[in-house]
1. Tell me the carbon and sulfur percent of the accessible area for the range 49-165, rounded to whole percent, probe radius 1.4 Å.
2. Work out, in µm²/s and without decimals, the Stokes-Einstein translational diffusion coefficient of the range 177-241 at 10 °C, 1.306 mPa s, Rh from Kirkwood over C-alpha pairs.
3. Considering the alpha-carbon set of the range 224-331 alone, what are its Rg and its Dmax in angstrom?
4. Order Thr15, Thr107, Thr285, most accessible first, counting only protein heavy atoms with a 1.4 angstrom probe.
5. Could you name the lysines in cross-link range of Lys252, using Cα to Cα under 17 Å and dropping any fewer than eight places away on the same chain?
6. Using square roots of five times the C-alpha gyration tensor eigenvalues, list the equivalent-ellipsoid semi-axes of the range 15-80 in whole Å, biggest first.
7. With every protein chain in place, what's the accessible area of Cys297 (1.4 Å probe, Å², nearest 10)?
8. Of the trypsin sites (Lys or Arg not before Pro) in the range 48-123, which ones lie in a loop per DSSP and count no more than 15 other C-beta atoms within 10 Å?
Amino acid sequence: MSSRTYYDPLHQSITLNSSIPEEKMVMELIDSSPFQRLRRIKQLGPAYLTFHGAESSRFTHSLGVFHLARRAINHLLNVDSGLKEHKFIIYGAALLHDLGHGPLSHTSEEIFKIKHESWTAKLINSSKEITTILNKYGKGNAKAISDLIKSRKAEKKSIISLISSQLDCDRLDYLMRDSYTTGARYGQLDIDRIISAMTISPDGDLAIHPKGLMAVEHYLVIRNLMYRSVYNHRLNEVCNWLLEQIIKTARKIGPQNIWADKSMSEWLWNHEKMSLESFLSNDDTVTGYHIHRWQDCSSNNLSNLCKRFIHRNLLKALNISSFTLETRLESLAKARKLSEKYCLEPEISCGLREQVVKSYHPYKHGLRLWDGDKLQALERVSPLVDRLIQPNQASWLIYPKEIEIELKIEIEKLKMKHN
């Protein structure tokens, strides 16, 4: 028998025991090269340029999600002992749910136009190393886990909800972890109360006992605040937009006129037919190296964008969320016209970043309260949760510092014109 302990800043000791088959499987998965790659992918993408402590990796987060899933399932066994035979699926899905993330996590989905869930399922089904480990512990495990992650299919509804729902182990870990690493103080969840309140409803799905109502309300409020203060932070939006322009510009230049290694070439110009090898070869280190190299390329546009990102010479952003769509587009046009006046390329100097966030989706795997007698939708019991259904829209006008004074004058004119 052997054991292994990972010391985590949130969960303290995460110990695995090889005498327990499902935990031995987790140990083998952790040691696999596709999972070790997650050490080289930042959890919060370029947010480290805004929050200097945001250096945590997808590896660390994935271990945390597994830990919470293990805690949750061991608690739920008191309600449904039949869940025990699904531990391999739950542990595998919780650990591997982010296996298909590209460089800089969610940012790569925007800049490279990929879906991490699809790539996660593909890797689980097609990576010989991962598939061999999973199926060694149960025939068909790899397919069952990929189906769960990509299509939300499983034998028990509660398994799906633990991995993908409004209150899954993924969200619980990332809210706490992202709050911790960024220094935000919003993510102090009552995780013990939330897990102890988890139960199984009569239809077999995950539900919450009323004793956990306030802890869940608190969690949903925290999620709202984290999106507004961290994920959609003004400078984070600028960094993501800048990376998007870098990749878009590199693609336009084409493979004959810009240096890129074999894997990056596929990411840039053949991502729809990308091989597993090329996918796994790219991470934050590789993408970062290309951005460094492109600082010296012959294209002034690409070179200037890369220098801005590398040296954190970021563009400015103005919150124009209160404007109508027409006025927002008019603001962008004004910014681009001013950029031309300063001999700046308008397409890569000015842009709009728009985000719509709902803190709670009642019709997207919504939560329910179950007290053993009455099953109720969470938003019908909690006026607070009902208010969180309303979407928050954020709209940022991105522009270079050189035009700031003149642009703000033009924006004021637009305000007066439309009032």
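1. Within the range 49-165, the accessible surface is 49 percent carbon and sulfur.
2. 118
3. So, for the range 224-331, Rg and Dmax equal 16.4, 46 Å respectively.
4. Ranking Thr15, Thr107, Thr285 by accessible area, largest first, yields Thr285, Thr15, Thr107.
5. By straight Cα distance, Lys252 reaches Lys113.
6. 28, 17, 7
7. 30
8. Lys113, Lys115
The values are calculated or read from the model by the stated rules, or taken from the named source; none is laboratory data. Bear in mind that the values here come from a model prediction, so they are computed numbers and not experimental data. Here the Cβ is made from the backbone with ideal geometry for all residues, glycine too, and neighbour counts use every protein chain on show. Keep in mind that these areas ignore ligands, DNA and RNA; they rest on the heavy atoms of the full protein, side chains included. Shrake-Rupley method; radii C 1.70, N 1.55, O 1.52, S 1.80 Å.
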